[in-house]
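Structure, as structure tokens:
Each value in this text was obtained by applying a stated rule to the coordinates, not by laboratory testing. In this text, all values refer to a predicted model and were calculated from it rather than measured experimentally. Heads up, the Cβs are rebuilt from the backbone with ideal geometry, glycines too, and the neighbour counts pull from every protein chain shown.
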């Protein structure tokens with residue numbers, strides 16, 4: 001089975017996860033804006049960051065291209081990993097990937113700069129992830145990566161000849 005890791009990352013949080021997934025799957029890794037021909041791949045791992053409670057704009061544009069593919073989503077965000085914000089963002093990705101088979105998903109906090117936190121704090125209504133953002137400092141960390149690797153192994157078990 002041939003796998004491809006596609007990712008979108010603004011601050012390298014999601015890129016860090018993508019590198020771990022690519023290593024786990026022994027797969028090529030490409031940015032979402034360079035992902036073109038998916039025909040030769042059986043499994044796609046797609047990583048993204050959240051904007052406005054769902055996948056970032058480049059990922060939203062790409063998701064419909066996954067029809068007919070088996071997909072694993074991984075994401076970073078400012079919220080806590082088990083928050084409704086995290087769950088809803090992953091659900092939105094699934095809704096946009098019409099016709100794809102979702103094999104699994106994983107999300108974890110990703111560090112949000114103090115500058116971004118300050119800018120978002122001035123807006124109304126307040127972003128639902130903002131109270132969790134200070135705790136996201138240092139994430140994704142080694143534990144997040146270990147949990148991601150476990151999730152990807154469950155979703156995409158290695159085939160043995």
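The ranking of 19, 24, 122 by Cβ neighbour count inside 10 Å, starting from the fewest, reads 122, 19, 24. The ranking of 14, 154, 70, 76 from fewest to most other beta carbons within 10 Å of each one's beta carbon is 154, 70, 14, 76. Values of log10 I(q)/I(0) for the chain across q = 0.13, 0.17, 0.19 Å⁻¹ run -0.56, -0.94, -1.16, by the Debye formula with one identical scatterer at each alpha carbon and no solvent. For the peptides 5-13, 83-91, 124-132, the ranking by packing is 5-13, 83-91, 124-132, with the highest mean count of neighbouring Cβ atoms within 10 Å listed first. By the count of neighbouring beta-carbon atoms within 10 Å, fewest first, 102, 44 end up ordered 102, 44. Taking the DSSP beta bridges with both ends in region 3-155, the antiparallel portion is around 10 percent.
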